[in-house]
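The values are calculated or read from the model by the stated rules, or taken from the named source; none is laboratory data. From a predicted model like this one, the values you see are computed outputs, not experimental measurements. Here the Cβ positions follow ideal geometry from the backbone for every residue, glycine too, while neighbour counts run over all protein chains shown.
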Amino acid sequence: MGINFFLRLINTRKVDLRIVAVVGVSFALATWSCTQKTDLELKQEGSKSVSILENATVNEIQTHLATFKGEKPVLVNIWATWCLPCVEEFPYIMDLKQQYGEAFELVFISADFEEARAEATDFLKEQGVDFTTFFKQGKDNDFIAGISEKWSGAIPYTLIIDKNGLTHTEWEGKADYQDFENALLEVLK
């Protein structure tokens, strides 16, 4: 069927124009409704644009970090929901992102176990994270060695990478807001 069918009916004048109008409007509405997305589809589409917790191996993370070389410094924080110091310092890092915005890239890497993935995602949402973060994949020893030779594997673990892609500073353990800000300001100069 289609618009040509209706035009032929009108041209032959064998059909009442009111019927043609009703059928035509019905056809147009049916066609339009088939092309419209439901609220659920729109919500799902919107959530696809940013993956809050994306699986990543150490090689994929290193490739991601390399994309900022020559552009801006990067603060990398490896954390887990079961790690109380990680949870305590998380808001400090988010405050830094709020204050300094696009001046640096913030990369969170969850070291949670697969069973805690939903909890990690909920935590990120509660903290106001609206950008892609990573969920560690692969063997722990390979991951640790691939991030830094100086890292023992203890978390929280933080790296500050300068604009040239070089590690400026790194530390294990909890830091306060001032520690993060001081280290970040050194590479933002």
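Per-structure values
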{"quantity": "Unique residue being part of a helix (DSSP H, G or I) and in contact (Cβ under 8 Å) with a residue 12 or more places away in the chain when the list is VAL76, VAL129, VAL87, VAL107", "calculated": "VAL87"}
{"quantity": "Tally of residues being more than 13 Å from ALA80 (Cα to Cα), out of contact with any Phe, Trp or Tyr (no Cβ under 8 Å at 6 or more places or on another chain) and surrounded by 11 or more Cβ atoms within 10 Å (Cβ to Cβ) across the range 112-127", "calculated": "1"}
{"quantity": "Subset of the range 64-121 [of a type outside the set (A, V, I, L, M, F, W, C) and under 19 Å from GLY153 (Cβ atoms)]", "calculated": "ASN77, THR81, PRO85, GLU89, SER110, ASP112, GLU114"}
{"quantity": "Conditions (1) in contact (Cβ under 8 Å) with a residue 40 or more places away in the chain; (2) of a type in the set (Val, Ile, Thr); (3) loosely packed, with under 13 Cβ neighbours inside 10 Å; number of the one not met by THR67", "calculated": "(1)"}
{"quantity": "Residue list for the range 76-89, filter: crowded, with 21+ Cβ neighbours inside 10 Å and either farther than 16 Å from LYS174 by Cβ or among the aromatic types (Phe, Trp, Tyr) (or both)", "calculated": "TRP79"}
{"quantity": "Qualifying residue in the range 92-100 (condition: modelled with pLDDT of 90 or more, closer than 23 Å to GLU126 by Cβ and charged (D, E, K, R))", "calculated": "yes"}
{"quantity": "Some residue of the range 144-165 being in a loop (DSSP other than H, G, I, E, B), surrounded by 15 or more Cβ atoms within 10 Å (Cβ to Cβ), touching a Leu at 6+ places or on another chain (Cβ under 7 Å) and in contact (Cβ under 8 Å) with a residue 60 or more places away in the chain", "calculated": "no"}
